[in-house]
Structures are given as C-alpha cells and as structure tokens.
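Following: one structure in structure tokens, then a few remarks.
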Amino acid sequence: MSSFAGKVAVVTGAGSGIGRALALGLAERGARVAIADWDAKGLDDTAQQLLARSADTMSARVDVSDRTAVAGWASDVAQHFGVVHQIYNNAGIAAGGPLIAETDYEAFERVLAVNLWGVLHGTKEFLPHLVASGAGHVVNVSSLNGFMAQPRLAPYVTSKFAVRGFTEALRTEMLAAGLPVAVTVVHPGGVRTNIARSGYGPDAGTIPPDRLERLEVYERRLFRTSAEEAARIILRAVERKKGRVLIAQARGVDRLVRLLPESYPRYVVSWGRRLFGQW
C-alpha cells in the first residue's frame, strides 16, 4: 500500500480500457487520482465509478497532443492536490491500413501527436512535480509494437518505438542525476481495449470493410487479456519499481525478437498470411 496509499496519481486516456482500469485500481489501493481523456462521455463514466468508490479525484477533458492544455492540466492538478507523485501516460490511438507508400503524412502526424507527443507533454509537464514530491514515478505505455514491427501499422509502430526510446532515455537520466523518480515502460500485447478502433473515430461505420474484418480477427483471436488484468500487472510493477513491463503476448514476442533480431520480420509476415490470408 505504501506505493499508492495517499499518493497522487495522474492517468491519461482514462476514459476506457487500460486507463480506466488503472484509475480504478489506483483508487482501490488508496491513491488520489486525477484523470484525463479527450472522450467526455468515457471520462465522465470513469469519474462516476471513482466517486462510487469514494475516491479523492478530479477530472478534465484534455487533448494530450496539445502542449498548452497539458501544461494547464499539470498546473491544475498540482494546485488541487498540492503534490503529484505518479503520471501514467496511457492515452493512445492506432491507425492501420495502407502501406507506408500509400499512407498520407496526416495519418503519421495524427498518431504521433497523441502517442508520442502526448507522452512527451505529460512527462515534461509533470516531471518537476514528481521530482519535488521526493517519490515520483513515470509510467509510459508503449506496446508490443514498441519492439516488433508489422506491415500496415507504420504510424503506430513508429510512435511506440519512439515511446520506448524516450522512456528508456528518461530512466538513464533519472539514474545518472540521482533524482527520486522511477521510470517504467509498459509493453502490452493482446489486451481487450478499443485502441485498434480508436484511430477511426467513435463510429464503426467509418472503418473500411477490409480493416474492420482484420480488427474483428484481432479482437476475436488475439485480444484475450482484460484491461483489469493489464492494470494489475502494471501496478504491481510500479510497486516493485520495475523498469520494463511485458503483458500477455508481448512476453513471447520479446523473446522472438531478441533471438532473431534480423529475421523476425519474415516470421511476422508468415504469421499474418496464415491469420488473414494476406497482409
């Protein structure tokens, strides 16, 4: 309980999935929780669940890609609670479909704005508060695709590799400077959330039929770990101050990539052809 009881924890992307499960898990462990999301309805649903647990909480609709908005949110949280101990940079979207040659720049910009810049903004704006707390912790959510590439997911893969590198660089800096901030990078794989659909907006009708078919295969055959279980694994890792967390299929994929760093892409392509018929 000492890792969470009475601590102030900030969770982005808290309107659903792992973010919501983290917020609820933190509250159940005695933390005071500040939540943010761009989805007003999802955010309100999470806030109501926190209030039902008598959690000390505050919430705000925040676009993490907006540096000014995140800076204002960090200031509001610090003013409200007087201190901030933990930041969980969880907000993310996915975008898949075309090959790189056919993907427009806007798709890369949209995904990188949330998945990478959102993590940078959250980390940099809250870091001074975490250092001042004397017991800070930064948790950045990457992905299985933070160390394994796949076809037709270039914007997402690019963002998640970058989150991994940024987080590991931050960890070296905290260690080198002897600052009281632990740093953890999380690589989920096969967790049941709506991130695979998030890049298309709230309406499933906007998803191209070929992409919808692939998403349904992923959700049916691969997304088997609950968000609640993923959150439990993450919070246990925070308690133990682990620097790297692998969830579900990410563990096996990590071994494959480490064992076959040059040739694993061939296995990825072969696996995809068996699963989908073609990439």
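Readers should treat all values here as calculations from the given coordinates under stated rules, not as data from a laboratory. Just so it is clear, the structure is predicted and the values come from calculations on it, not from any experiment. Counting neighbours? That spans all protein chains shown, and the Cβs are built from the backbone with ideal geometry, glycine included.
Couple of notes before you dig in:
- Local net charge near residue 30, Cβ-Cβ under 10 Å (Lys/Arg +1, Asp/Glu -1): +1
- Extent along the principal axes, Cα only, for the stretch 1-62: 32, 19, 17 Å, with the longest axis given first.
- Most fluctuating residue given options 35, 247, 100, as computed from a GNM of the chain linking Cα atoms under 10 Å: 100
- The alpha carbons of the chain give a radius of gyration and a Dmax of 18.2, 55 Å, in that order.
- The chain - mean residue ellipticity at 222 nm from DSSP helices (-39,500 (n - 2.57) per run, n ≥ 4, rounded to 500): -16500 deg cm²/dmol
- Among 146, 243, 17: highest mean-square fluctuation, GNM of the chain, C-alpha pairs under 10 Å: 243
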